[in-house]
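Asks: This is the structure I have questions about; it appears just below.
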Amino acid sequence: MEKEGEATVVDQPAPSKFPLTFWEATVASTVAMVFLIGILCVYLTMPDSDYSFLKLPHTLQDLQLLRDNLESYTSDYTAQVLVGYCVVYIFMQTFMIPGTVFMSLLAGALFGVFKGVALVVFTATAGASSCFFLSKLIGRPILSSLWPEKLKFFQTQVAKRRKGLLNYMLFLRLTPTLPNTFINFASPIVDVPYHIFFMATVIGLIPAAYVTVKAGLALGELQSVGDLYDFNSIATLFLIGVVSVTPTLMSKNES
């Protein structure tokens, strides 16, 4: 029984804790600063001009404006445009910034199908690898805080498929079962070896990169990002994904 005049103590919910320690946040900030310095160096080597059009595209209209302005620079300043493109794409992949689909479209619009696919696969793989190694340092508390159930599901699936892990990772890359950004960030946390992660990324990104880059050739005809993947494209990607995971399923049935 409470005594008269005593204040009742009410339990307050504990404030949500920032998932990163000071040193983890410092590492992430340092990596981001390195990318930003790289972008600044590319910018400073370009000729004096109005670069108000330079921004991360969030709509097809932004992308078309960027394409129209960069076309004139690409032939005269190919190295700067390529380096700038690579740094921006890898930066976006490393920190899971949305919009890399627009960058893939831009590769097709500026460089054509063959060079565009090679560029997208290279930058996407480099960005995914950068995200993989950054996650080794700071990923676990972030994933456990933001996506605990999805992380648990991924960990369980990887543990089940250790013997055919490359096939399973290829299946994930080829189909929208899990977002690519999540796969990049979660793979080191669930103990996916880097060589398997790398091979699955390089091979698995080629079909989707081809579809997106090819669409970039007819950028003006696109009405929305949804136009990129019609039923046939999605069905083809799923079919390739199922074929890639079939050996794993067969080996499980035989055991």
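What follows draws every value from the coordinates through simple rules; no lab data is involved. Because the structure is predicted, anything quoted here is derived from the model rather than measured. Note that each Cβ is placed from the backbone with ideal geometry, even for glycine, and that neighbours are counted across all protein chains shown.
Asks: Equivalent ellipsoid semi-axes for the stretch 101-163, as square roots of 5 times the alpha carbon gyration tensor eigenvalues: give them largest first, rounded to whole Å. Show your work: numbers first, answer last.
Replies: Numbers: eigenvalues 199, 42, 25 Å².
After diagonalising the Cα gyration tensor, the semi-axes are 32, 14, 11 Å.
Asks: Using θ = phi - 60° and the Karplus form 6.51 cos²θ - 1.76 cosθ + 1.60, what ³J(HN,Hα) does each residue of the stretch 135-151 get, whole Hz, x for Gly and Pro?
Replies: Karplus values, whole Hz, x for Gly and Pro: 5, 4, 8, 10, x, 4, x, 5, 5, 5, 7, 8, 10, x, 6, 5, 5.
Asks: Taking the alpha-carbon set of the stretch 69-220, what are its Rg and Dmax in Å?
Replies: Rg then Dmax for the stretch 69-220, in Å: 16.2, 52.
Asks: Going by how many other Cβ atoms sit within 10 Å of their own, how do Thr177, Thr30 line up, fewest first?
Replies: Thr30, Thr177
Asks: If you only keep lysine pairs separated by 8 or more in sequence, or across chains, how many in the stretch 107-204 come under 18 Å at the Cα atoms?
Replies: 4
Asks: Taking the alpha-carbon centroid of each part, what is the distance from the stretch 58-137 to the stretch 33-53 in angstrom?
Replies: Answer, in whole Å: 15.
Asks: Can you sort Val83, Val88 so the residue with the fewest Cβ neighbours within 10 Å comes first?
Replies: The order, fewest Cβ neighbours first, is Val83, Val88.
Asks: For the stretch 17-75, take N as its residue count and report Rg(C-alpha) divided by 2.2 N^0.38 Å.
Replies: Numbers: Rg = 16.5 Å, N = 59, 2.2 N^0.38 = 10.4 Å.
Working it through for the stretch 17-75, the quotient is 1.59.
Asks: Provide Arg67, Arg140 in ascending order of the number of other Cβ atoms located within 10 Å of each residue's Cβ, fewest first.
Replies: On the way: Arg67 20, Arg140 16.
Sorted ascending by nearby Cβ count, the order is Arg140, Arg67.
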